[in-house]
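J.: This is the structure, below, for whatever I ask next.
The values are calculated or read from the model by the stated rules, or taken from the named source; none is laboratory data. Note that the structure is a prediction, hence the values are computed from the model and not measured. Cβ sites come from the backbone with ideal geometry, for glycine too, and all protein chains shown count toward neighbours.
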Amino acid sequence: MPIEHHDLIHEFPEHRERIHEMKMQDAHFSRLFEEYHQVTKDVERMESEIEPVCTATEEKAKFKRLKLKDELFAMLQA
């Protein structure tokens, strides 16, 4: 089963320029962006079973990614 990529550019292609601006100008956004990117990488490793974990661990990481994504999206909308 192919792994979906959930980086912010794929998730919000219409905000590509705004994401770049925010990464350069807003330290908090940049930190959250990097954390989101790392969690996404971790989830993709779990989904592809490169790093096998129990379902609860994978679901917890996905929930964290979703919370970060929601927070980043809210910042993009502000």
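Residue by residue, here is whether (1) surrounded by fewer than 16 Cβ atoms within 10 Å (Cβ to Cβ); (2) modelled with pLDDT of 95 or more; (3) among the polar types (S, T, N, Q); (4) assigned to a helix (DSSP H, G or I) holds:
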| site | (1), (2), (3), (4) |
| --- | --- |
| Met22 | no, yes, no, yes |
| Arg31 | yes, yes, no, yes |
| Lys41 | yes, no, no, yes |
| Met46 | no, no, no, yes |
| Glu49 | yes, no, no, no |
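J.: Taking interchain pairs and intrachain pairs at least six residues apart, which have beta carbon atoms under 6 angstrom, with the first residue in segment 53-71 and free of Cβ contacts under 8 Å to residues at least 40 places away in the same chain and part of a helix (DSSP H, G or I) and the second of a type in the set (Phe, Trp, Tyr) and surrounded by 15 or more Cβ atoms within 10 Å (Cβ to Cβ)?
T.: Leu68/Tyr36
J.: Continuing with this model, one more query. Identify, by number, the condition in (1) surrounded by 13 or more Cβ atoms within 10 Å (Cβ to Cβ); (2) of a type outside the set (A, V, I, L, M, F, W, C); (3) part of a helix (DSSP H, G or I) that His6 doesn't meet.
T.: Looking at each condition in turn, His6 falls short on (3).
J.: So, one more: Which residues, taken from segment 1-40, are over 14 Å from Lys69 (Cα atoms), touching a residue at least 40 places away in the same chain (Cβ under 8 Å) and among the charged types (D, E, K, R)?
T.: Once the filter is applied, which keeps residues that are over 14 Å from Lys69 (Cα atoms), touching a residue at least 40 places away in the same chain (Cβ under 8 Å) and among the charged types (D, E, K, R), segment 1-40 yields Arg18, Asp26.
Conditions tested, residue by residue: (1) surrounded by 13 or more Cβ atoms within 10 Å (Cβ to Cβ); (2) of a type outside the set (Phe, Trp, Tyr); (3) in contact with a helix residue (DSSP H, G or I) (Cβ under 9 Å, 6 or more places away or on another chain).
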position	(1), (2), (3)
Glu11	yes, yes, yes
His15	yes, yes, yes
Arg18	yes, yes, yes
Pro52	no, yes, yes
Glu58	yes, yes, yes
Phe63	no, no, no
Phe73	yes, no, yes
Leu76	yes, yes, yes
